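Structure, as structure tokens:
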Amino acid sequence: MKNGVRTRVLLTAGKQQARRDKATAQRRAEIEAMEEPARNAARMMDVDSGFGGDDVDAAAFILPPGKAGLDPSHEGGECADIQAMLDTVQARTRAPDPRTRRDRGENEQHYWGLQSERLADAYLEFSHRHPCHLPQDFPPPIQQDSDSASGDTLGTLDFWDVSGQKNMSVALQAGHEYLNESLLQFGYLASSPLRPTTAFSIQALKLYRQAHRTCPRFSIEAYCRTLCHVLNIPFPTYLPVQFSHSYDTYLLINRIVDRRVDAALGRNEPNWHIKNSCPACFYALEDEPALKFSALVSMDGNNSLRRINASMHGQRRVDHLDTRTINSDWWLTAGDVDKFKHEVQSSPDVGGDIPNDHNNKESVDDEAQNGEPLSKCRDRWKNAGPEERKRMFALFEETGVFIASCRHRLVVAGCDMIKSGEQYKYPFAVVDKLISVFGSRIGCAYDIGCEFSKSLANSSLAGVATTNRFRLMCGAFHGWAHNRGCQLDFHPLYLPGAGNFDGEGCEHIFSSSNDLARATRHSTKFHRRQAIEEHFNFWNQDKYSLLSTYFTNHYREAQRRIRAYSLELTQLNVKLKLTAADLEADLVDERSYFTQLKTGISLQSNIESQYVNALVRLDTHTREWDDARANANMALSGPGLTNPVAAAHGAQMIVDAAYQNLQFTQMNLVFLETSLNIQRRWTPEHLDYKRYHQENIATSYHKAVNELERLVVLRFSELAKLSVGGLGYKLRRQILKSMTKRSKTIQKCITRYNKEAARLVPPREMVTWKQIADINFLGNFDILRDVGLNFEVQPWAQSKRRNAATAYFKIRRSQEEIIRLNVEVRRLRTWIADEDSATRAAIAKLDATNPILASELSHRWALRSRVNRVHIEQLDKLAKTPGFTGSSTTGVRRAQAMPQSEAPDDGVPFTIPIPIPLTVPSTSPHSNNLQNNTGTPRLEIEQDDGGDQDEWQDCEDIMDDGDGEAMDKLTDFLLGISV
């Protein structure tokens, strides 16, 4: 060690000789100190070694007597003792494994793949013998013979079950190649394919699968900890990893069994599960009534199920390679999506994401295209998006999912959003899938369907979408946040054939899948995909079991709406004296009005307007200067003056400030008058002054409208955040506090708006907090901005007439809803009958060829048949409900998956909504019975048990008139609606 640095000394020849001489001298001294017998023995050792007494080199390496080492031999047992000591040392040290984690994972999946089919056979055999999947006792272990090809030997495993944990030895059973086959024979599955140390019971694995189904937040670690607590066992940290391996294999076995069952039922053709995912939507019958839309679906993206890129944890860490895949016909691959990535090029003005991450949207010119009114819908949502979300994509590998669902909220298509926001390539891919599978006349709701329809019309799918009459619309909730012109063309309320479709099915699905995010955020790509597949499959099963409940609730809701809005329409029509044709014409006129209206009008800020503003400021500052001088004189001369110096100083400051403002305004006026070459200053009576003063008032009015709209949009954006599951208490309190503060700001903004509205000529109607609090009011901001197209004189712009139109269209949509529900009820009845006969025939066939698979199919059919029996009971109750106009019989399925010839062609492009004519009822429209001879639903006016008694009083007064004029007008109007 030299200066704190360890150095290696190389001995030269001279130093080596000196050390040898030293060692020799030391040995001779030790020999001389010995007794005579010992000295003689030392000399004899030198002679036996062949060295002379003077051989210094030899003497240096020969130990003196008493210091000689052990001379081992096999006969004396020393070699066996040394080997035992070496084995003990080696057992304490782990030999280095040259394989990487990726290699071990690849090998494990390879061996699982080799035995997966045999494991499925063993699982089916165990399920056949023990349908409840209870684990069985193992027989005494037997030693396998040496000729076994599997290489699995006798071992000791830890067995985990919900009833206990035990450690015991097992051996390969006769006729099995793999140890896991033997374990499955007794209801256990190991965590490793070849030499496992831990095994879990099928019952424990099944229990977690169903628990995770009902509570997606329930993680594997939480389940393992629960299991340990129940069994009163300390929690081993390795247990969740071992359980995860067994659970992956358990799901793999179930997927293999699913494929075998599908093959037995004839359900293994491409896209079979998509085409039959919802019988009510896609199981079309031969003799059913014509529908405007063959199917109604919704699509949307969600960023909760994003997965963090593993490289973000450190520069050297990479994502673990997992080559396992899950094939399903409803899931789109990255290749299916990326073929549309060049359909729309993002423009420089589109930056970041909107709340639902609609980034990289096509930039559509702010001017109207093809006569369509200008749309600010996308900007309205994008402006409310937080900046942090716009920079998140580098952190995540998958940034969410994009799905499509039918109107009964069953998932029919989906894909991953990869390292991006909700780009247009994702809805393009989903639209392509929907058209290729379901065919023509699909109505599809998308929260920005108005903007996306323009991009779709300019894409490679334009011809296919037009030919198949694919119709985009907005969701009912998101639609009210769009501008009024957009609502008239894309809101379901104004689209004939949409019924009471809300178009927000994906939002309901995401409210459940959001709970899955915690378990998938840091998982591998395969485990995330597997969890999503499991969740949506279970979701579809649950929604299928609720179809009859859906029919019952929506049928009652449609009848309630018809009753309630018929009453409201009756009350309004007593004075308005409208017909159904008048309200339909109002819709056409309003569309025409918004075609001419340019949203976002900004009056040109020219120099004349600045000059008029300067004149107004001059008048204001002159009054302020006069008031300041008068107040100063009063303060200095008034009674009670205690400190004249301080009072004089304060008054002087106020006067000086007022004078400076006045002087600056006068200088600005001189500059503007010189620029405009004005010889004589304008007065309020001057014509140009009046003109530009009104423009300035309109500009201030527009600023007040824009600020009010911004605050309202932000308020509803925060309301949406409050509905997100799993929101922390502190964040929820922060959002509520922000909303409380913003509500006060909105109230101040309402006051400012009302002030500016009163200055207009003619004055605009004042708004109240009650109006602003309704999300439907968002669509009226474009009307509020109009100051030049005589909005007030339009017949449809009258408040009562607009209310009448809203009630009228809600009645029409409810009538269409009942017609569609009648069709769907019969489809479900037919599906249940066909499924029952097909499944029973498959079970009978399998009983002769594959009884074990027949047992599995029978076990599954037991649950399905119970669900179908509940459906039949619910549908029978619905058929007995007063006002039900559907059929209780079954039908025959069409040869094709979707009908190709339904509602008659109106000769108008598919993007233009055309009303559906309804049949005139055969009896009096004010009858209490909704059933008529033609099977068409009619309007019913009767008192609702849950309604307001005062609300029905006006209608009863009209009905009491009998054959009076009011009664005749009411009858004519209701007949006009039905026509």
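The values are calculated or read from the model by the stated rules, or taken from the named source; none is laboratory data. This structure is a prediction, so every number in the text was calculated from the model and none was measured. Glycine also receives a Cβ, built like all others from the backbone with ideal geometry; neighbour counts cover every protein chain displayed. Only protein heavy atoms, including side chains, enter the accessible area calculation; ligands, DNA and RNA are left aside. Shrake-Rupley method; radii C 1.70, N 1.55, O 1.52, S 1.80 Å.
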Completion exercise
Scanning segment 680-700 residue by residue, those without any contact (Cβ under 8 Å) to a residue 24 or more places away in the chain and part of a helix (DSSP H, G or I) turn out to be L687, K690, R691
Completion exercise
Residues of segment 295-325 being modelled with pLDDT under 65 and of a type in the set (A, V, I, L, M, F, W, C), in sequence order, are M312, V318
Problem - segment 402-423, residues that are farther than 16 Å from C444 by Cβ, out of contact with any Lys or Arg (no Cβ under 9 Å at 6 or more places or on another chain) and not basic (K, R) - result: I418, S420
Practice task
Determine which member of the set T768, T806 is surrounded by 15 or more Cβ atoms within 10 Å (Cβ to Cβ), farther than 30 Å from E286 by Cβ and modelled with pLDDT of 70 or more.
Solution key: T806
Exercise for the section: Scan segment 611-620 and give yes if some residue there is open to solvent by less than 30 Å² (accessible area, probe 1.4 Å), touching a Ser or Thr at 6+ places or on another chain (Cβ under 8 Å) and closer than 30 Å to R764 by Cα, otherwise no. Expected result: yes
Exercise for the section: Please verify whether segment 227-238 includes one or more residues that are without any contact (Cβ under 8 Å) to a residue 40 or more places away in the chain, open to solvent by less than 60 Å² (accessible area, probe 1.4 Å) and closer than 27 Å to N540 by Cβ. Expected result: no
Practice task
Could you give me the residue pairs with C-beta distances under 6 Å whose first residue belongs to segment 269-297 and is touching a residue at least 40 places away in the same chain (Cβ under 8 Å) and among the polar types (S, T, N, Q), whose second residue is crowded, with 24+ Cβ neighbours inside 10 Å and part of a loop (DSSP other than H, G, I, E, B) wherever it lies, and which are 6+ apart or on separate chains?
Solution key: S277/L410
Practice task
Would you confirm whether any residue within segment 181-189 is aliphatic (A, V, I, L, M), part of a helix (DSSP H, G or I), open to solvent by less than 40 Å² (accessible area, probe 1.4 Å) and closer than 20 Å to H527 by Cβ?
Solution key: no
Exercise for the section: Could you please give the count of residues in segment 534-580 that are among the aromatic types (F, W, Y) and either over 21 Å from H871 (Cβ atoms) or open to solvent by 40 Å² or more (accessible area, probe 1.4 Å) (or both)? Expected result: 2
Practice task
Pick out the one residue from R864, R827 that is in a helix (DSSP H, G or I), basic (K, R) and open to solvent by less than 50 Å² (accessible area, probe 1.4 Å).
Solution key: R827
Practice task
Might you let me know whether segment 482-498 holds any residue that is open to solvent by less than 20 Å² (accessible area, probe 1.4 Å), of a type in the set (D, E) and either out of contact with any Asp or Glu (no Cβ under 7 Å at 6 or more places or on another chain) or at pLDDT 95 or above (or both)?
Solution key: no
Practice task
Quick one: in segment 657-679, of everything that is part of a loop (DSSP other than H, G, I, E, B) and either of a type in the set (D, E, K, R) or open to solvent by 50 Å² or more (accessible area, probe 1.4 Å) (or both), which residue is modelled with the highest pLDDT?
Solution key: N677
Handout entry: Test result for H649, surrounded by fewer than 15 Cβ atoms within 10 Å (Cβ to Cβ) and at pLDDT 75 or above
Key = yes
Problem - Any hit, segment 655-662, residues being within 60 Å of the chain's Cα centre (by Cα) and not aliphatic (A, V, I, L, M) - result: yes
Problem - In segment 427-481, residue modelled with the lowest pLDDT [restricted to those that are in a helix (DSSP H, G or I), more than 23 Å from N500 (Cα to Cα) and of a type in the set (S, T, N, Q)] - result: S455
Practice task
Determine if segment 110-126 includes at least one residue that is modelled with pLDDT of 75 or more and basic (K, R).
Solution key: yes
Practice task
Go through the residues of segment 199-213 one by one and say whether even a single one is open to solvent by less than 50 Å² (accessible area, probe 1.4 Å), outside any helix (DSSP H, G or I) and either of a type in the set (V, I, T) or in contact with a helix residue (DSSP H, G or I) (Cβ under 8 Å, 6 or more places away or on another chain) (or both).
Solution key: yes
Practice task
State whether one or more residues within segment 327-338 are surrounded by 13 or more Cβ atoms within 10 Å (Cβ to Cβ), at pLDDT below 95 and more than 26 Å from the chain's Cα centre (by Cα).
Solution key: no
Completion exercise
Among R101, R129, R94, the single one that is at pLDDT 80 or above, of a type in the set (K, R), open to solvent by 40 Å² or more (accessible area, probe 1.4 Å) and farther than 30 Å from Q26 by Cβ is R129
Handout entry: Some residue of segment 881-891 being open to solvent by 70 Å² or more (accessible area, probe 1.4 Å), at pLDDT 75 or above and either outside any loop (DSSP other than H, G, I, E, B) or under 22 Å from A295 (Cβ atoms) (or both)
Key = yes
Fill in the blank from the handout: Selection over segment 448-467 where residues are open to solvent by 10 Å² or more (accessible area, probe 1.4 Å) and not aliphatic (A, V, I, L, M) yields a count of 8
